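Take a look at the structure below.
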Amino acid sequence: MELEHKFHRSDTGLVVTDGTLIEGYASLFGRRDQGGDVVERGAYGRSLAALGAAGRRVKMLWQHDPTQPIGIWDEVREDEQGLFVRGRLLTEVAKGREAAALIAAGAIDGLSIGYRTKRAEREAGVRRLVELELWEVSLVTFPMLTDARVGAKADAGPDLMLDLAQALEGARQAFAADRGAD
């Protein structure tokens with residue numbers, strides 16, 4: 001069974017202190033995402049207990065890439081809101097330094113879980129995730145849960161999109177001109 005991913009950017013935000021200590025909610029209970037899924041309270045309990053009993057941890061990855069661990073989750077727990085995580089970026093790792101800089105600049109502000117569904121129920125077009133096997137929590141760019149945005153600036157308006165389109169067209173024309181000069 002393939003690993004699934006869910007993104008969450010909470011209303012309370014992704015908090016980074018001292019440039020490397022990070023905490024926030026990787027998942028919220030009871031919120032429907034773009035895929036039509038809702039994570040139920042208690043969905044992570046068995047998985048977290050099994051990891052603890054085996055002396056293993058949930059991995060901290062960059063953009064769900066298993067070849068790019070960027071830190072350590074020191075605390076992963078369920079509470080009344082969802083899946084809370086607290087850990088530290090490893091700045092000795094290049095991607096860890098990059099992640100710290102991107103978070104500080106506001107370019108990255110989301111967490112996403114990597115998991116396998118152990119038990120789910122369907123109800124009125126919604127898949128209710130009842131039990132999940134949690135593998136990793138990643139720092140990511142794009143949301144699955146679009147209404148869970150923190151510190152998001154106003155959506156890019158038409159002027160910004162027009163400017164972007166014009167810049168891309170200018171770059172395309174310059175590239176074409178350079179290729180024609182060769």
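The values are calculated or read from the model by the stated rules, or taken from the named source; none is laboratory data. Not measured: the values here are computed from a predicted model. Neighbour counts run over all protein chains shown; Cβ positions are idealised from the backbone, glycine included. Keep in mind that these areas ignore ligands, DNA and RNA; they rest on the heavy atoms of the full protein, side chains included. Shrake-Rupley method; radii C 1.70, N 1.55, O 1.52, S 1.80 Å.
Here are a few things to note about the model shown:
- Region 37-152, accessible surface, carbon-and-sulfur percent (1.4 angstrom probe): 51
- Stretching the chain fully between Glu80 and Glu92 yields a gain of 0.9 nm (0.36 nm per residue, less the alpha carbon separation).
- Projected label points at Thr117 and Arg46, each 7 Å from Cα along the beta carbon direction, are separated by 1.5 nanometres.
- Extending 7 Å from the Cα toward the beta-carbon at both Arg32 and Arg56 defines two label points whose distance is 3.4 nm.
- Close amide-amide hydrogen proximity is noted between Leu21 and Leu89, each under 5 Å apart and 5 or more residues distant or on a separate chain (H modeled in the peptide plane; Pro and chain starts excluded).
- Extreme residue, positive dipole direction of region 42-97, given options Ser47, Val85, Thr67 (C-beta unit charges): Thr67
- Probing with 1.4 Å while keeping every protein chain in the model, the per residue accessible area of region 40-104 equals 54 Å².
- Ala124-Ile72 FRET efficiency (beta carbon distance; Förster radius 41 Å; 0.05 resolution): 0.55
- The residues packed around Trp62, meaning those with a beta-carbon under 9 Å from its beta-carbon, carry a net charge of -1 if Lys and Arg are +1 and Asp and Glu are -1.
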